[in-house]
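Beneath this line is the structure, given in structure tokens, with notes to follow.
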Amino acid sequence: QVTCVEVVEAYVERIKEVNPFINAVVKDRFEEALQEARQVDKLLLEGPGDDCLEEKFPLLGVPVTVKEAFSLYGMPNTSGLVNRRNVIATSDAAVVSRLKQAGAIPLGVTNCSELCMWYESSNRVYGRTNNPYDLQRIVGGSSGGEGSALAAACSVIGVGSDIGGSIRMPAFFNGVFGHKPTTGVVPNDGQFPNARGVRTSFLCTGPMCRYAEDLEPVLRVMAGPGVSKLKLDEKVSLEKIKFHCMDHDGGSIFVSPVDKEILQAQRKVVEHLESDLGVRVQRVAIHKMKYSFQIWSAMMSSKDSEGQEAQRFTDLLGDHGKPVWPLWELMKWLVGMSSHTLPAIALGLTEKLVDLNLSGKAKLVSMGKSLQEEMEALLGPDGVLLYPSHPTIAPKHHSPICMPFNFAYTAIFNVLGLPVTQCPLGLGSEGLPLGIQLVAAAYNDHLTLAVARYLEKAFGGWVSPGKV
């Protein structure tokens, strides 16, 4: 009913309208996108039958945005690091290439946290990204620009990556859908920083979007030949799913208590599932979840099976420049002279502390393996766990520094290798998004995606933030 050029023009206008407020899209490629849209219209005019085109190009003409940490030809690829501000991508990341081959049209790249290791998307290259529901609130990280751009209707699909919740936290804070696939199915190649050593088992690339039905077709394209492992063709009978529910992590001293509104939203989901589907949602209390942050931290810094050390964050900070001394950077930061953000400096200072207690670290790694077995046994081939996406709704700017470990609610599932879909559940009393994580056993992504589609119908999914 509309041409591809009209669609792309509408999204370009939307970005121009709202980006001055939210600062989500940090570099655009509008001219190239419009040129590609013209080629799509030409193809549709001259090309073979629709069915043939749909099979060959499942995302033909669909506008997308890409997290700036991924290579997108001709676009910057700094990951918010000042030393890399002149780095321009000369090729496409694996998933970007697959999306382009499927016909998608990238509009530009979006903001992230410095080196993708913090849950507020702010850096010294592009500044800070704001939440479309309240500009004084954070968008989450590290795929925060994606979350903000999607929530503000600047794009249809977002490309995100997640090693501690970097897809799911921004999706939660911005009221959109985000999926962290089962580890090892979607390629991570072509992003900076990429995972090395043991972290290759924790980093996941996945889709973010406003509508639940878009997750699966995009995931199929991103996964390529590996998609068969995810059972996406299996029909899901929601009544046969064994639902489990956990309200909080058990009371970790490092993490905020879960907000009443988040608990209330989760309770409504449980009530709806029980009354509408006739299922019984089993309440569970998994004791080891209380140590989520410690387990994630220990496993992130452990050696891989070949004895290779995890890459040091301070080495990454020194990319395209001199080695970084975190204490010296802190002194410079105090007088406004550091080119790094405070969270990045703090992480550089604390990463060595993890190695001071090697026996404690070994115990935590062992606890993580045992938790993984426990979780797989609980979920089995037909289980879905309901779990909070974060203990609080989108906090105000800078406040994450006071509660730096709240990301543990998402991070634990990275080291467990489980697929998780973050699903929005409408807005709370302050007009900020609520949501929930849907977790399944490895390779059961089809279950969480099916439940997300169901909950979108029941609770309304994405809610427009209205005029900024």
TODO: Determine the pairs where a residue that is among the basic types (Lys, Arg), located within the range 372-399, has a partner that is surrounded by fewer than 24 Cβ atoms within 10 Å (Cβ to Cβ) and in a helix (DSSP H, G or I) with Cβ atoms under 8 Å apart, the partner being 6 or more residues away or on another chain.
DONE: none
Open item on the list: Cβ contacts < 6 Å: first residue on the phi > 0 side of the Ramachandran plot, restricted to the range 443-468; second residue open to solvent by less than 30 Å² (accessible area, probe 1.4 Å) and outside any helix (DSSP H, G or I), any location; separation 6+ or different chain. Result?
Closed with: TYR443/THR182; GLY460/GLY426; GLY461/PRO424
TODO: Give just the number: which of (1) touching a residue at least 40 places away in the same chain (Cβ under 8 Å); (2) more than 26 Å from GLY428 (Cβ to Cβ); (3) surrounded by fewer than 16 Cβ atoms within 10 Å (Cβ to Cβ) does HIS272 not satisfy?
DONE: (2)
- [ ] Could you look through the range 227-246, keep only residues that are open to solvent by less than 40 Å² (accessible area, probe 1.4 Å) and in a loop (DSSP other than H, G, I, E, B), and pick out the one that is nearest to GLY184 (Cα to Cα)?
- [x] LEU232
Open item on the list: So for the range 97-106 (the condition being in contact (Cβ under 8 Å) with a residue 12 or more places away in the chain, open to solvent by less than 10 Å² (accessible area, probe 1.4 Å) and within 19 Å of the chain's Cα centre (by Cα)), does at least one residue qualify?
Closed with: yes
- [ ] Among the residues of the range 249-269, write down those that are in contact with a helix residue (DSSP H, G or I) (Cβ under 8 Å, 6 or more places away or on another chain) and either of a type in the set (Lys, Arg) or within 21 Å of TYR291 (Cβ to Cβ) (or both).
- [x] ASP249, GLY250, GLY251, SER252, PHE254, VAL255, LYS268
TODO: State the number of residues belonging to the range 275-290 that are in a helix (DSSP H, G or I) and open to solvent by 20 Å² or more (accessible area, probe 1.4 Å).
DONE: 6
TODO: Filter the range 31-84 down to residues that are polar (S, T, N, Q), in contact with a helix residue (DSSP H, G or I) (Cβ under 9 Å, 6 or more places away or on another chain) and assigned to a helix (DSSP H, G or I) and give me whichever is least open to solvent (accessible area, probe 1.4 Å).
DONE: ASN83
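The values are calculated or read from the model by the stated rules, or taken from the named source; none is laboratory data. No experiment lies behind these values; they were computed from the predicted model shown. Glycine gets a Cβ as well: all are built from the backbone with ideal geometry, and neighbour counts include every protein chain shown. What goes into the accessible areas is simple: the full protein's heavy atoms, side chains included, and nothing from ligands, DNA or RNA. Shrake-Rupley method; radii C 1.70, N 1.55, O 1.52, S 1.80 Å.
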